[in-house]
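The values are calculated or read from the model by the stated rules, or taken from the named source; none is laboratory data. Note that the coordinates shown come from a computational prediction; the quantities given were computed from them, not determined experimentally. All Cβ positions, glycine included, derive from the backbone under ideal geometry; neighbour counts span all protein chains shown. SASA here: full protein model, heavy atoms, side chains in, ligands and nucleic acids out. Shrake-Rupley method; radii C 1.70, N 1.55, O 1.52, S 1.80 Å.
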Amino acid sequence: MKEALIAGVGISDFGRFPDLTEEALAQSAILDSLRDAGVTLRDVQAFYCGNALGGHLPGQRALRELGTGGEAVYNIDNACSSGATAFHLALQALRAGQYDTVLVFGMDHLSGLGGGALPLNEKDWNNRRGMIMPALYAMRAKRYLHEHGISGNVLADVSVKNRRHGMLNPIAKFCREVTREEVLASRMVADPLTLLQCCPGVVDGAAAMVLTTRETRGVAKPVRVLASVVKSGLFEVHQVDMTEAEITGRAARLAYEQAGIGASDLDLIELHDAFTISELLYYEALGLCERGGAAQLLASGATTLGGRIPVNASGGLIAKGHPPGATGVAQIVELCEQLQQRAGKRQVSGARIGLSQVTGGGIWGVDHAACSIHILAV
């Protein structure tokens, strides 16, 4: 079996583009990924589209104006984990020998949906009683701060770090540098989470990549996939520990086993920081520190650029924004650019192994509905 490699990547700007469609954003990212890989559209045998909120047949809509030849198009909706799940399925098809060259892309256009939190299923019990994502993560934050005797400053410091990183990322159109005081003084969304501790809710964007088992003449050295894991949350009706990211911990253990490495071997991480508390919980679930040690890890500078294990060098969701279908693919694009030493001002020096982690939530009774973790290397 030939190894499946990421041969080229592309990404649109992330921001509010009311005059553009999600299809146009995806087309830009797709064409950039093809050029980056040194292949043509005719070389691609199948397309995998991650999309959460775009409606019916998003992949076909994005591709119809590009002149594709009727190849298979797979549309994947797994909430915020849609794009990463599409990548996982494409990788499986290549490893099984079904195709030798495929293209994965993710997209969403939230500026057409108005403002506020992401729309969720109104029939779900959690959502009917107001347990939407900001409320859920606010509860987790309250409990975490209480159990570990930590002040709310640590939450603000996550936002400060990631927005500082985002200032170095040219696609992060919403980003500006902030202070701890500004973060804490911004409008309260759900106590203790203020506006600047939440990822921007109205963002458009797309990302794409070419995977192949063939030799290509791409711009940069292809990137290897050491591990690819997608897991669903456990249905739990008894009392649960809201400060434990169970699904991420479970998926991470499987990913490390697949890759034959441990957390200490990673050079950088892109994780799902939809809210500041998320990043702290995922430090612990990914094995970067012990339970309750996230605040100390952050304060040490280890997770900032120049530190031992930079987290969200791209700026993360807090700085870039979070078009759900695109997020998982965008994380992998960032890892590829870092591992290929072409991330510009935000480059992690000597990066060789990186991990991406993205969840998808929004239903009652589970920690998250889905979690995707990928480990890449050069």
Fill in the blank from the handout: Karplus ³J(HN,Hα) for region 339-348 (6.51 cos²θ - 1.76 cosθ + 1.60, θ = phi - 60°; Hz, whole; x = Gly/Pro) runs 5, 8, 6, 9, 9, x, 5, 9, 4, 7
Practice task
Starting from the eigenvalues of the Cα gyration tensor, five times each then square-rooted, give me the equivalent ellipsoid semi-axes of the chain, largest first, whole Å.
Solution key: 31, 22, 20
Problem - Value of relative contact order over region 265-355, rounded to a whole percent, pairs C-alpha under 8 Å and six or more apart - result: 39 percent
Exercise for the section: Quick one: accessible surface of H109, probe radius 1.4 Å, all protein chains present, in square angstrom to the nearest 10. Expected result: 40 Å²
Problem - All Cα pairs of region 140-256, percent lying beyond 18 Å - result: 71 percent
Problem - Gain on full stretching of the segment that runs from R180 to K2 - 0.36 nm per residue minus C-alpha separation - result: 59.2 nm
Fill in the blank from the handout: Residues whose built amide H sits under 5 Å from the amide H of I353, excluding neighbours closer than 5 in sequence, are D267, L268
Practice task
Give the accessible surface of region 154-249 per residue, rounded to a whole number of Å², with probe radius 1.4 Å and ligands, DNA and RNA excluded.
Solution key: 46 Å²
Practice task
Scan around Y48 for amide H atoms under 5 Å from its own, H built in the peptide plane at 1.01 Å from N, and keep only partners 5 or more places away or cross-chain.
Solution key: Y74, L103, V104, F105
Practice task
For the chain, calculate the relative contact order in percent as a whole number, restricting contacts to Cα pairs under 8 Å that are 6 or more residues apart.
Solution key: 27 percent
Practice task
Would you mind checking the tilt of helix 22-37 against the longest principal axis of the Cα atoms of the chain, expressed as 0 to 90 degrees and rounded to 10?
Solution key: 60 degrees
Handout entry: Most mobile listed residue (P200, P18, P222) in the chain, GNM with C-alpha springs under 10 Å
Key = P18
Fill in the blank from the handout: Residue-ordered couplings for region 303-310, obtained by feeding phi - 60° into the Karplus form 6.51 cos²θ - 1.76 cosθ + 1.60 and rounding to whole Hz (Gly and Pro as x), are 9, 9, 4, x, x, 5, 9, x
Completion exercise
Between the modelled labels at V378 and D19 (7 Å from Cα along Cα→Cβ) the distance in nm is 3.7 nm
Handout entry: Convex hull (Cα only) mean projected area of region 141-201, reported in nm² to one decimal
Key = 4.2 nm²
Handout entry: Alpha carbon Rg of region 275-316, scaled by the compact-globule rule 2.2 N^0.38 Å
Key = 1.04
Practice task
Please build a GNM for the chain, connecting alpha carbons under 10 Å apart, and tell me which residue among G205, G301, G354 fluctuates the most.
Solution key: G301
Practice task
Kindly write out, for region 190-202 in residue order, the coupling ³J(HN,Hα) from the Karplus curve 6.51 cos²θ - 1.76 cosθ + 1.60 (θ = phi - 60°), rounded to whole Hz, with x marking Gly and Pro.
Solution key: 8, 3, x, 8, 8, 4, 7, 9, 10, 5, x, x, 10
Completion exercise
Ignoring trypsin sites (Lys or Arg not before Pro) buried by more than 10 other Cβ within 10 Å or outside DSSP loops, the longest site-free run in the chain is 218-378
Practice task
Take the alpha carbon gyration tensor of region 268-342, find the square roots of its eigenvalues, order them as a ≥ b ≥ c, and report rounded if a/c is under 1.5; if not, report prolate when a/b exceeds b/c, else oblate.
Solution key: oblate
Problem - 25 Å Cα-Cα threshold exceeded, pairs from K173/K345; K2/K320; K142/K345 - result: K2/K320; K142/K345
Handout entry: Cα long-axis angle, helix 82-95 against the chain (0 to 90 degrees, to the nearest 10)
Key = 40 degrees
Completion exercise
In degrees rounded to 10, the 0-90 angle between helix 153-166 Cα long axis and the longest Cα principal axis of the chain is 30 degrees
